[in-house]
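Have a look at the structure below, then the notes.
Any read-out appearing in this document is the output of simple, stated calculations on the displayed coordinates, not a laboratory observation. Model, not experiment: these values are computed from the prediction. Neighbour counts are summed over all protein chains in view; Cβ atoms, including those assigned to glycine, are modelled from backbone coordinates with ideal geometry.
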Amino acid sequence: MHGDTAQASLALPGDAITAVQCPAHRVSITPCDADELDPLLQHLSANLAAHSDQQFPRGTLTADGRLDLCKQSLGTSHCLAITKALQDNTRVRSLMLGTDAIGDAGAAAVAGLASINPQLEVLYLGCNNIGPTGAHALGTTLADGAQNISGLWLKRNPLGPDGATSIAGMLRSNQHLRVLDMVNTDLRAEGVRAIVDALCSDNKNLQSLYLSGNGLNAASANDLARLLREAPHLKALYLSVNRLGDTGATCIADALCHNHSLQTLELASNGIGTQGASALLDAARHSSLQNLNLGYAPSTRVLGAQANHMGDEGALHAVELINTSATLRRLNLTRNNITAQGNAAVIDAALRNGELIQLTLDGRHPDDLAAQLKHNQALSGRSDTLGQAMIKSVYR
């Protein structure tokens, strides 16, 4: 699938803070031999259950309904064979085809399958050479039907603004999709605006939106801020590895001050300095945020982004957030030019906080902080892996 932390069919509050890796690129593979795929195709066509995780020469079927074919060198023709075998299958809930070079034709075949198989809930199609044509096929199908699909994952495909327009059109009529992943899909400003327009008007159901790694700058901040003002159904917004800077961060912070529904906000590696970070941390005090990521993403260099750099002055605003927020559960401040003195102030605040279950700073946690976070986690009763299972791959 990808090198970043796997996300779920429903990435709801309580999910672990994520990372974003690997730039969009054309995937070139040599398709596997058909003989290697035959055992799986026969199993799927016979609609046999997997009472435990069952591995085939190509692919794994899990007991919870994941068909994991990530990085299995399928290509388009084998993808078509898989979708045909799944037409009458009632066992598979999550179809995972990451990094398989299925292309637009494969995406169209998956869309067709989703329209006739009501058991499918999650489509993971990351890094597959899917362009505007494939996005149109998926958008058309999900707009007209496939009410069972709750998660659509399209990261690292060259969708472009035209593809984004197709997905936005789908969002205007689809009232069932909960998660949309468009990480590193070359959306550009016009693509983001199309998505935002749909979510701020006709769509009332999407809960998690992934827009990381799209090179978005401060010019897109007003559109992103609209999501916080006009889309109260949105619970999680992922914007890491963009180029929003202080200007964009301040714009988003202004909207966050008046938002009481967003629970996860990720802005790692956006070139945000003291001014923008302080504004965000102050705004978070008046919000319902549970998870705030202002840290560093592994893909920062490869995507040409810049680390955040709030420094000790920004860290003091983090201290105030930890001291006053009744909702904050996870906070990431890695690689922000915070000194040992600044880290010590943050740690001291965290030691007095009975709600925080994850604090990510540079260096190793002192033993008393590790114990405090573990204690808080035990009391919270929340799982760190909530909602992540249905796109978890065994091949990465």
With equal scatterers on the alpha carbons only and no solvent term, can you work out the Debye log10 of I(q)/I(0) for region 34-291 at 0.14, 0.16, 0.17 1/Å? -0.90, -1.08, -1.17
With the label point 7 Å along the Cα-to-beta-carbon line of E230 and a cut-off under 14 Å to each amide N, the hits in region 186-213 are 192-204
Please determine, in degrees from 0 to 90 and to the nearest 10, the orientation of helix 34-45 with respect to the longest principal axis defined by the Cα atoms of the chain, where the helix direction is its Cα long axis. 90
Can you give me the angle between helix 311-324 and the longest principal axis of the chain, using Cα atoms only, in degrees from 0 to 90, rounded to the nearest 10? 80
State the Cα centre-to-centre distance between region 174-239 and region 35-53 in whole Å. 37
If the reach is capped at under 22 angstrom between alpha carbons, list the lysines near K392, excluding any in the same chain fewer than eight residues apart. K71, K155, K235
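Based on the mean of other Cβ atoms within 10 Å per residue, sort peptides 278-287, 304-313 so the most packed one is first.
Descending mean neighbour count gives 278-287, 304-313.
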Taking a ≥ b ≥ c as the square roots of the eigenvalues of the Cα gyration tensor, with a/c under 1.5 meaning rounded and otherwise prolate when a/b exceeds b/c and oblate if not, region 44-102 is oblate
Cα gyration tensor category, rounded, prolate or oblate, for region 285-346 with a/c compared to 1.5: oblate
Mean separation of Cα contacts under 8 Å (at least 6 apart) over the residue count of region 98-142, i.e. the relative contact order in percent, is 60
Considering the chain as a Gaussian network with a 10 Å cut-off on Cα pairs, which listed residue, D162, D197, D38, attains the greatest mean-square fluctuation? D38
Quickly rank 250-262, 347-359, 233-245 as a protection proxy: mean count of other C-beta atoms within 10 Å, highest first. 233-245, 250-262, 347-359
Hey, rough spin-label estimate for E355 and D367, points 7 angstrom out along Cα→Cβ, what's it come to in nanometres? 3.0
Taking the Cα-to-Cβ direction at D53 and at D38 and moving 7 Å from each Cα, how far apart do the two end points lie in nm? 2.7
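Any chance you could run the full-extension gain for D202 through E190? It's 0.36 nm times the residue separation minus the Cα-Cα distance, nm to one decimal.
2.5 nm
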